[in-house]
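Asks: This is the structure I want to talk about, given as structure tokens.
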Amino acid sequence: MGRLTAVSFKPYRGHQLELRDSGRIGCAVIIHPPGGRGSPHQVTAGKPDATLADLIAQAKAMIDAVLGPRPPIVVRPGYGRRAI
């Protein structure tokens, strides 16, 4: 029987996270930086039983470490939702 691997992409702060899930075989997360800013980098699991959610959190932490903290959300008056 053939193996099935689910692959999806998720954007995060200008980068693309490639999520690969092969069920019991394992999972992987590959960070694709924006064009012209380097080559793709695979996130390695720190522990042998790491889940896909653990790898995604580790990839986001790596991107945040490079780009710095996210800017605060600015709420400007007059642009919110109005009750009808």
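Asks: Is one or more of the residues making up segment 34-41 surrounded by 10 or more Cβ atoms within 10 Å (Cβ to Cβ), within 11 Å of the chain's Cα centre (by Cα) and at pLDDT 90 or above?
Replies: There is no residue in segment 34-41 that is surrounded by 10 or more Cβ atoms within 10 Å (Cβ to Cβ), within 11 Å of the chain's Cα centre (by Cα) and at pLDDT 90 or above.
Asks: Identify all residues within segment 44-63 that are more than 10 Å from the chain's Cα centre (by Cα) and of a type in the set (Val, Ile, Thr); write none if there are none.
Replies: Thr44, Thr51
Here is a yes/no grid of residues against (1) surrounded by 11 or more Cβ atoms within 10 Å (Cβ to Cβ); (2) among the hydroxyl-bearing types (Ser, Thr, Tyr); (3) at pLDDT 95 or above:
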{"site": "Ala45", "(1), (2), (3)": "yes, no, no"}
{"site": "Pro48", "(1), (2), (3)": "no, no, no"}
{"site": "Thr51", "(1), (2), (3)": "yes, yes, no"}
{"site": "Ala65", "(1), (2), (3)": "no, no, no"}
{"site": "Gly68", "(1), (2), (3)": "no, no, no"}
{"site": "Pro72", "(1), (2), (3)": "no, no, no"}
{"site": "Arg76", "(1), (2), (3)": "no, no, no"}
{"site": "Arg81", "(1), (2), (3)": "no, no, no"}
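The values are calculated or read from the model by the stated rules, or taken from the named source; none is laboratory data. The shown structure was predicted, so the numbers you read here are calculated from the model rather than taken from an experiment. In this analysis, Cβ positions are derived from the backbone assuming ideal geometry, glycine residues included, and neighbour counts consider all displayed protein chains.
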